[in-house]
Amino acid sequence: MGLTALSFHAFSQNLIPLYPDKIPNSINAETAEEKNTGSDGNIRYGKVTTPTLEIFLPKEKASGTAVVIIPGGGYRIVSYSHEGTKIAAAFNKMGVAAIVLKYRLPDDMIMKDKSIGPLQDAQEAIKIVRERAAEWNINPEKVGIIGFSAGGHLASTAGTRFDRPVIANPKGTNLRPDFMILGYPVISFSDSLMHKGSRDNLLGSNPSTDQIKAFSSELQVTPRTPPAFLVHAADDKTVKVENSIRFYEALLKNHVSAEMHLYPKGGHGFGLINKTTPDRWMDRVENLLKSIGFL
């Protein structure tokens with residue numbers, strides 16, 4: 001089955017390297033990517049050194065809207081199926097093109113500056129989607145981003161630091177997502193709110209005050225931050241729900257359109273379906289996209 005999938009991707013060009021040539025900020029190291037399939041059937045990647053994009057285009061009612069999907073994993077793994085390809089399938093049903101990013105995981109052995117490695121990949125993904133929009137039947141002015149957990153941190157970083165590129169952008173392509181969707185996101189790197197594993201993996205165990213501020217997305221919001229949708233569970237023991245609340249408050253303070261849904265239960269990492277409720281948060285995402293004219 002795995003070989004068949006790989007052959008199909010190679011033939012259809014649904015799976016492409018994020019960087020066709022040299023990967024920026026990289027150090028040559030003999031590090032082998034790890035792929036693990038859990039008992040739940042979900043695929044997870046570790047030690048990612050060669051980032052990719054997997055493109056899922058809607059077969060019917062294509063709206064022209066696209067979303068870059070950033071799975072979570074504490075900046076230690078990439079939860080590729082649970083928070084990537086399954087999310088892509090849901091967007092395709094709406095008529096939204098979905099592009100799953102398998103991003104580099106921060107590691108001093110493979111990066112000159114591990115703190116910006118994932119952000120480089122997120123910015124590059126947005127750039128590629130816009131530059132290849134015509135090829136994929138996408139409206140370049142309708143390109144959003146969605147991220148979960150640490151992937152939500154990366155998505156919110158991309159959504160608040162788009163005017164500070166960490167990649168080469170010779171065409172001056174717009175790096176600002178047109179909307180952000182954040183699922184139980186890591187937002188703050190402050191001592192009181194941080195997810196320690198995510199902060200340690202990205203910045204090391206002893207980050208400076210300036211680094212903590214720069215990577216705390218609630219402190220980076222401006223009136224130009226794109227509209228945002230947040231979903232979280234109040235009983236999340238891994239990433240405190242206050243991460244979403246603080247970000248929502250920062251958006252309101254800056255007069256940025258924002259919508260937030262907090263479930264009383266669901267814990268962390270519920271992905272597409274919070275099994276504690278019949279409510280489906282992705283239905284609310286669809287309603288939002290309709291309301292802002294993207295569907």
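Every number here is computed from the coordinates shown, using simple stated rules; none is lab data. Note that the structure is a prediction, hence the values are computed from the model and not measured. Counting neighbours? That spans all protein chains shown, and the Cβs are built from the backbone with ideal geometry, glycine included.
Couple of notes before you dig in:
- Size descriptors for the chain (Cα atoms only): Rg and Dmax, in that order, 17.6, 51 Å.
- Residue among Ile27, Ile181, Ile55 with the largest mean-square fluctuation in a Gaussian network model of the chain, springs linking Cα atoms under 10 Å: Ile27
- Estimated at 0.36 nm per residue, the fully extended path between Leu262 and Arg224 surpasses their Cα-Cα distance by 11.2 nm.
- For the stretch 77-138, the calculated P(r), taken from all Cα-Cα distances in 10 Å bins from zero up to the bin holding the longest distance, is 20, 40, 30, 9, 0 percent.
- Calculated [θ] (222 nm, deg cm²/dmol) that DSSP helices of n ≥ 4 give over the chain, each run adding -39,500 (n - 2.57): -8500 deg cm²/dmol
- Taking the charge dipole of the chain about its Cα centre, with +1 at Lys and Arg Cβ atoms and -1 at Asp and Glu Cβ atoms, the residue from Thr50, Ala155, Pro140 reaching farthest to the positive side is Pro140.
- Mean-position separation - Cα centroids, the stretch 36-83 and the stretch 221-263, in angstrom: 23 Å
- The eigenvalues of the Cα gyration tensor, multiplied by 5 and square-rooted, give the stretch 130-181 an equivalent ellipsoid with semi-axes of 20, 15, 8 Å from largest to smallest.
- Counting neighbouring Cβ atoms within 10 Å and putting the fewest first, the residues Leu105, Leu272, Leu53 line up as Leu272, Leu53, Leu105.
- Considering only trypsin sites (Lys or Arg not before Pro) in DSSP loops that have at most 14 other Cβ atoms within 10 Å, the longest stretch of the chain without any of them is 113-170.
- Spherically averaged projected area of the convex hull of Cα atoms, the stretch 211-295: 6.2 nm².
- Ala32-Thr238 FRET efficiency (beta carbon distance; Förster radius 22 Å; 0.05 resolution): 0.20
- The stretch between Thr209 and Ser192 holds 4.7 nm of extra length on full extension. This uses 0.36 nm per residue minus the Cα-Cα distance.
- Label-to-label distance, nm, for residues given as Asp279 and Trp136 (7 Å Cα→Cβ offset): 3.1 nm
- Convex hull volume per residue, computed on the Cα atoms of the stretch 125-284, equals 121 Å³.
- Taking 7 Å steps out from each Cα toward its Cβ at Arg164 and Ile292 produces label points 2.2 nm apart.
- Pairwise label distance in nanometres, Arg176 with Leu252, each label 7 Å out on the Cα-Cβ vector: 2.4 nm
- Computed magnitude of the charge dipole of the chain (debye, nearest 20; Cβ of K, R +1, Cβ of D, E -1): 260 debye
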